[in-house]
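Below: the structure, in structure tokens.
The values are calculated or read from the model by the stated rules, or taken from the named source; none is laboratory data. Keep in mind it's a predicted model, so treat the numbers as computed, not measured. Cβ placement follows ideal geometry from the backbone for every residue including glycine, while neighbour counts extend to all protein chains displayed. For accessibility, only protein heavy atoms count, side chains too; no ligands or nucleic acids. Shrake-Rupley method; radii C 1.70, N 1.55, O 1.52, S 1.80 Å.
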Amino acid sequence: MNQDSISLLQECNAGAKMGIKSLNEVMDDVCNPNLKQLLMQSRSEHEKIQNQTSSMLYEDQKMGKEPDKMATAMSWVKTNAKMMMNDSDQTIANLITDGCNMGVTSLNRHLNQYGDADMQVKNVTKDLISLEEQLSKDLRGYL
């Protein structure tokens, strides 16, 4: 793989991990069983992409990337502050929607930044973008 492919794959890997962490942070507080099922399904899909990107990087003897520490910390603070004020399913849907929007923006920026990446890597990134967009859309009914 070329350097753009590796860099994009690492960003996609970090994005999937961030999604999983975010979903795990709120999962225990979800009351609505349908919302819980939706979030569990999304977490499963994020895990598949995280595993796929890790495997692709491993094949090229490269390592995955952890989510940015500052972004992770800010997400944790925001989530916990909002949940302390109001731990409703609506708050959870709002938090996850915000996270999806940030993920879509970040992944699209990286997709443009690493334009020489292999098509397979671009497609995996687009799959994660689509997953985030669909989750955001599915959460609208809980806002």
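Numbers for the structure displayed
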{"quantity": "Residue satisfying all of: in region 113-143; in contact (Cβ under 8 Å) with a residue 60 or more places away in the chain and of a type in the set (Gly, Ala, Ser); surrounded by the fewest Cβ atoms within 10 Å (Cβ to Cβ) among these", "calculated": "GLY115"}
{"quantity": "In region 95-119, the residues that are out of contact with any helix residue (DSSP H, G or I) (no Cβ under 6 Å at 6 or more places or on another chain) and farther than 14 Å from LEU135 by Cα", "calculated": "THR105, SER106, ASN108, ARG109, ASN112, GLN113, GLY115, MET119"}
{"quantity": "Selection status of ALA71, modelled with pLDDT of 95 or more, among the small types (Gly, Ala, Ser) and more than 19 Å from LYS137 (Cβ to Cβ)", "calculated": "no"}
{"quantity": "Tally, over region 102-124, of residues that are part of a helix (DSSP H, G or I) and either more than 12 Å from CYS12 (Cβ to Cβ) or of a type outside the set (Val, Ile, Thr) (or both)", "calculated": "16"}
{"quantity": "Pick from region 12-28, criterion part of a helix (DSSP H, G or I) and among the charged types (D, E, K, R), ranking: most open to solvent (accessible area, probe 1.4 Å)", "calculated": "LYS21"}
{"quantity": "Residue in region 103-112 that is nearest to GLY141 (Cα to Cα), counting only those that are open to solvent by 30 Å² or more (accessible area, probe 1.4 Å) and either in contact with a Ser or Thr (Cβ under 8 Å, 6 or more places away or on another chain) or free of Cβ contacts under 8 Å to residues at least 12 places away in the same chain (or both)", "calculated": "THR105"}
{"quantity": "Sole exception among (1) more than 17 Å from GLN120 (Cα to Cα); (2) assigned to a helix (DSSP H, G or I); (3) in contact (Cβ under 8 Å) with a residue 40 or more places away in the chain; (4) open to solvent by 30 Å² or more (accessible area, probe 1.4 Å) for CYS31, by number", "calculated": "(2)"}
